[in-house]
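The values are calculated or read from the model by the stated rules, or taken from the named source; none is laboratory data. These figures come from a predicted structure and were not determined experimentally. Every residue, glycine as well, gets a Cβ built from its backbone with ideal geometry; the counts of neighbours run over all protein chains shown. With ligands, DNA and RNA removed, areas are computed over all heavy atoms of the protein, side chains included. Shrake-Rupley method; radii C 1.70, N 1.55, O 1.52, S 1.80 Å.
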Amino acid sequence: MVGEGLLELTGASIQAVGTAIAAAGEALVAGSSPILGEKLVVIGNGTEASGNALQAVALSAGRRSFAASGSWFQAAGNAANTVAGVFILNGDRENGLRLDILGDSVQAAGAAIEAAAVDPYSPLADIIAAGEYLVSFGAAIEAIGACYLLKGKEEEGNSIQAFGSILQFSGASTISAALSKRYIINRNAPLQYPQRS
């Protein structure tokens, strides 16, 4: 239980770092350094995907298959966003944006699944679920921003994507902080809250 909790926490922390990098990149894209910004977005999304995959492994080991499926969806979505960023950097903007919309949508669905799958009897469940919903909402907003970009509305699209990435960072940071505290609780007093059968 504690080992799985540490792996889940590690994944969540990596995801939070990835969202911070991606948010910084989106801010640069919306500002005066779009190429550097897009490179950071690619790095950030790749980092997020790695964190999501670790969380999925931890949740699978804990026999929380519904929650694990949400993490795998997030990993797939972030992986798609990473490839989309590479397309954009290589000049294939239209296909990159279309893939970005798909990736953000899959990620939003995955985070919503994870939010719904949070064990209500676990410590800080409400805070973790709220963080997942913020990630989901932020990813959905990023998808909307990519739609604006696809229609040639650069300023609006970049601003919307930057806002969505900030929401994702806020959500991922909330999850990481809550899981850190829950890990300490479980390590010091394991299995002192009701468990689902």
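Go over the candidates Gly91, Gly131 one by one and state the one that is assigned to a helix (DSSP H, G or I) and of a type in the set (Gly, Ala, Ser).
Selected residue: Gly131, the only one of Gly91, Gly131 that is assigned to a helix (DSSP H, G or I) and of a type in the set (Gly, Ala, Ser).
In segment 14-70, how many are open to solvent by 10 Å² or more (accessible area, probe 1.4 Å), in a helix (DSSP H, G or I), of a type in the set (S, T, N, Q) and closer than 21 Å to Ala162 by Cα?
Within segment 14-70, residues that are open to solvent by 10 Å² or more (accessible area, probe 1.4 Å), in a helix (DSSP H, G or I), of a type in the set (S, T, N, Q) and closer than 21 Å to Ala162 by Cα number 2.
All but one of (1) within 17 Å of Pro34 (Cα to Cα); (2) of a type outside the set (Asp, Glu); (3) open to solvent by 10 Å² or more (accessible area, probe 1.4 Å) hold for Gly157; which doesn't?
(3)
For residues that are touching a Lys or Arg at 6+ places or on another chain (Cβ under 9 Å) and open to solvent by 40 Å² or more (accessible area, probe 1.4 Å), tally how many sit in segment 82-119.
So the answer is 2.
Among the residues of segment 76-92, is there at least one that is of a type in the set (Phe, Trp, Tyr) and within 21 Å of Gly25 (Cα to Cα)? Please lay out each step first, then the result.
Filtering segment 76-92 for residues of a type in the set (Phe, Trp, Tyr) gives 87.
If we keep only those that are within 21 Å of Gly25 (Cα to Cα) as well, we get 87.
Yes; the residues of segment 76-92 include at least one that is of a type in the set (Phe, Trp, Tyr) and within 21 Å of Gly25 (Cα to Cα).
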